[in-house]
1. Filter region 1-24 down to the residues that are in contact with a helix residue (DSSP H, G or I) (Cβ under 9 Å, 6 or more places away or on another chain), in a loop (DSSP other than H, G, I, E, B) and surrounded by 13 or more Cβ atoms within 10 Å (Cβ to Cβ) and list them by number.
2. Between a first residue in region 35-56 that is part of a strand (DSSP E or B) and a second residue that is of a type in the set (Phe, Trp, Tyr), which pairs have beta carbons less than 9 Å apart while being 6 or more apart in sequence or on different chains?
3. Regarding region 49-71, can at least one residue be identified that is modelled with pLDDT of 90 or more and among the β-branched types (Val, Ile, Thr)?
4. So VAL95 clears everything in (1) under 18 Å from the mean Cα position of the chain (by Cα); (2) under 24 Å from ASN19 (Cβ atoms); (3) β-branched (Val, Ile, Thr) except one condition, right? Which one?
5. For region 132-153, give me the residue count where each residue is surrounded by 20 or more Cβ atoms within 10 Å (Cβ to Cβ) and among the β-branched types (Val, Ile, Thr).
6. Name the pairs: first residue in region 59-73 and at positive phi, second residue crowded, with 21+ Cβ neighbours inside 10 Å and not in a loop (DSSP other than H, G, I, E, B), Cβ to Cβ under 7 Å, at least 6 apart or on different chains?
7. Condition check: in the same structural domain as VAL27 (by TED's automatic domain parsing) and either surrounded by 19 or more Cβ atoms within 10 Å (Cβ to Cβ) or on the phi > 0 side of the Ramachandran plot (or both). Does LEU99 satisfy that?
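The values are calculated or read from the model by the stated rules, or taken from the named source; none is laboratory data. This is a predicted model, so every value here is computed, not measured. Neighbour counts are summed over all protein chains in view; Cβ atoms, including those assigned to glycine, are modelled from backbone coordinates with ideal geometry.
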Amino acid sequence: MKAYVLRSYGPPDLLDLTNVGTPVPAVSEVLVRVRATSVNAYDWHHLSGEPRVARLMPGTLGLRGPKFRILGCDVAGQVEAVGAEVTEFRPGDDVFALLERGGGFAEYVSVPERLLARQPRNLSCEQAAAVPMAATTALLGLRDVGRTGPGQRVLVNGASGGVGMFAVQIARALGARADAVCSAPNADLVRSIGAEAVRYQEQGHAPGKVIVTVE
C-alpha cells in the first residue's frame with residue numbers, strides 16, 4: 001500500500017509518499033481501508049517535534065526522531081478484514097476512529113476494535129474524518145474535566161475552530177449555556193450552532209482593541 005512516511009522531524013515536504021507493507025490485523029483488530037483522514041495540530045506536533053520540551057516527556061514525542069512514522073489520528077473508511085476475536089464489525093462496514101498511534105495517512109490502517117465506531121449514515125467519509133480528535137477533545141474537556149451540567153455558563157474561546165464548534169454544541173447538549181468568542185465573519189455560524197452571546201473582533205481593527213457583543 002502507499003503511505004506518507006515521516007523519517008525525521010521537519011517541514012511537511014519531508015513526508016515521503018512511498019510503498020509500505022499492508023498491516024495485518026491482530027486477533028482483536030480491524031483492517032480499515034482509509035477513505036478520508038484529517039490534519040490536526042496533533043499531527044503537526046509529531047511532524048515538527050515541537051515543542052522540543054515535549055520530547056523529554058514519556059508517552060509523547062520521540063526524543064531523537066518521530067515516534068510515529070505514519071501520521072494521521074483521524075480516519076473514516078470501510079472495514080476490509082477483521083481479526084478472529086472481532087465481533088462488532090464485518091467487512092464492508094462504514095467506520096471511523098481516533099487512532100492512538102497514528103496511521104491515517106495511508107491506504108490501510110489496522111485499528112483495535114475498541115477504538116472503532118460505526119460511521120453515521122448522514123455523514124460522508126470526509127465529514128466523519130473531521131470529527132474524532134476535535135470532538136473528543138471538546139467532550140473530555142467539558143464533561144470529564146469541567147463537569148459541565150445544567151445551569152452552568154460556558155465561554156468557548158475560538159468557537160469557530162475545530163474543537164470550539166464541538167464545544168459549543170456539547171455544552172448545550174449537557175444543559176449549559178454556551179457563550180462564544182470568534183472572528184467576525186464566523187459570528188453567525190457560531191450563533192447558529194447554539195451560542196447565545198457571541199463576542200467577536202470587528203475587521204479592520206488591531207487585535208484586542210475592539211470587541212463587539214452580539215446578543
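1. LEU6, TYR9, GLY10, LEU15
2. Pairs found: ALA36/PHE96; THR37/PHE105.
3. yes
4. All conditions pass for VAL95, except number (2).
5. 1
6. Final answer for the pair search is GLY72/THR37; GLY72/ASP43.
7. Answer is yes for this residue.
Each row is one residue, and each column tells you yes or no for (1) in the same structural domain as GLY83 (by TED's automatic domain parsing); (2) at pLDDT 95 or above; (3) aromatic (Phe, Trp, Tyr).
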{"residue": "PRO112", "(1), (2), (3)": "yes, yes, no"}
{"residue": "LEU116", "(1), (2), (3)": "yes, yes, no"}
{"residue": "GLN119", "(1), (2), (3)": "yes, yes, no"}
{"residue": "LEU139", "(1), (2), (3)": "no, yes, no"}
{"residue": "VAL145", "(1), (2), (3)": "no, no, no"}
{"residue": "GLY158", "(1), (2), (3)": "no, no, no"}
{"residue": "GLY162", "(1), (2), (3)": "no, no, no"}
{"residue": "VAL168", "(1), (2), (3)": "no, yes, no"}
